[in-house]
Amino acid sequence: MVSKQERRLWFASLVSLPFLLAGNYGINVWRNAQDYVRRNELWVYDSVGGHVYANALWSLDQARLIGDGRDGKITFPGQMRLIIVRITAKAEEEIGDSWAQCQLTLTDSSGRRWLPLNFILSNDISRDLDPKAMPVDGCDAISRKPPAKGASALIEEKFVIPANAIPSLSVRLSFDSTRPDTISFPLRLN
């Protein structure tokens, strides 16, 4: 036979279950919202060059369009083009871990986003374009060994983009420590 005390404990646990489930649901919603804000670039700050961001002074060094016959003899099938973007950074302060999870993307005016090619394919393309040149590291590689205070770093990423997006492209740069803030550089590749 069940005692009164056991019955009260069973009833109390049964009554508290909806509150515990609602609390658990609320905590998960809060964590997911924080994670969404931390991973996404919600506030974009336009920069033409010389913008201090993540303890460094950033500027667009070069944007090169390949595949339409103007830059080199390489032509891509259909409407696809290769864009090589180089960004320079001069460390204004010690970088430390503030460049972790570097993200460099291209975005057009309609909000479409392109991620860079993987580093293996990127290095292969660099060797094909100029066999004697040393490939430049991408965003992820530079973030693991950032420059010391006062030193500079060069970042190069390659993207395959449809030709109709080229007139309105901009480069977005962000890090885990700076998100949801990001900086943006217009490419102007017409």
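Between residues in segment 111-130 that are assigned by TED's automatic domain parsing to the domain that holds ARG86 and more than 12 Å from LEU82 (Cα to Cα) and residues that are assigned to a helix (DSSP H, G or I) and not acidic (Asp, Glu), which pairs lie under 8 Å by C-beta distance while being six or more apart or on different chains?
ARG112/ALA165; PHE119/ALA141
Please state which one of ASP176, ASP128, ASP108 is in contact with a strand residue (DSSP E or B) (Cβ under 9 Å, 6 or more places away or on another chain), farther than 26 Å from LEU57 by Cβ and of a type in the set (Asp, Glu). Outline the logic, then answer.
Numbers: ASP176 fails: farther than 26 Å from LEU57 by Cβ; ASP128 fails: in contact with a strand residue (DSSP E or B) (Cβ under 9 Å, 6 or more places away or on another chain).
It is ASP108.
Just one of ARG8, ARG31, ARG39, ARG64 is at pLDDT below 80, surrounded by 10 or more Cβ atoms within 10 Å (Cβ to Cβ) and basic (Lys, Arg); which is it? Give the derivation first.
Values: ARG8 fails: at pLDDT below 80; ARG31 fails: at pLDDT below 80; ARG64 fails: at pLDDT below 80.
Just one listed residue meets the conditions, ARG39.
Among the numbered criteria (1) at pLDDT 85 or above; (2) over 13 Å from the mean Cα position of the chain (by Cα), which single criterion is violated by ILE125?
Of (1) at pLDDT 85 or above; (2) over 13 Å from the mean Cα position of the chain (by Cα), only one is false for ILE125: (1).
Report whether or not LEU82 is touching a helix residue (DSSP H, G or I) at 6+ places or on another chain (Cβ under 8 Å) and outside any loop (DSSP other than H, G, I, E, B). Show your work before the answer.
Numbers: touching a helix residue (DSSP H, G or I) at 6+ places or on another chain (Cβ under 8 Å): yes; outside any loop (DSSP other than H, G, I, E, B): yes.
So LEU82 fits the description; yes.
Considering only segment 131-152, state which residues are in contact (Cβ under 8 Å) with a residue 24 or more places away in the chain and among the small types (Gly, Ala, Ser). Walk me through it before giving the result.
Residues of segment 131-152 that are in contact (Cβ under 8 Å) with a residue 24 or more places away in the chain, as a first pass: 136, 138-140, 142-143, 146-152.
Result: GLY138, SER143, ALA148, GLY150, ALA151, SER152.
Given ARG188, ARG172, which one is part of a strand (DSSP E or B), surrounded by fewer than 19 Cβ atoms within 10 Å (Cβ to Cβ) and either of a type in the set (Lys, Arg) or free of Cβ contacts under 8 Å to residues at least 40 places away in the same chain (or both)? Don't jump to the end; show me each part of the working.
Values: ARG188 fails: part of a strand (DSSP E or B).
None of the other options fit; the residue is ARG172.
List the number of the failed condition for TRP99; all other conditions in (1) within 19 Å of LEU187 (Cα to Cα); (2) in contact (Cβ under 8 Å) with a residue 60 or more places away in the chain hold.
(1) is the only condition that TRP99 fails.
The values are calculated or read from the model by the stated rules, or taken from the named source; none is laboratory data. Note that the coordinates shown come from a computational prediction; the quantities given were computed from them, not determined experimentally. Note that each Cβ is placed from the backbone with ideal geometry, even for glycine, and that neighbours are counted across all protein chains shown.
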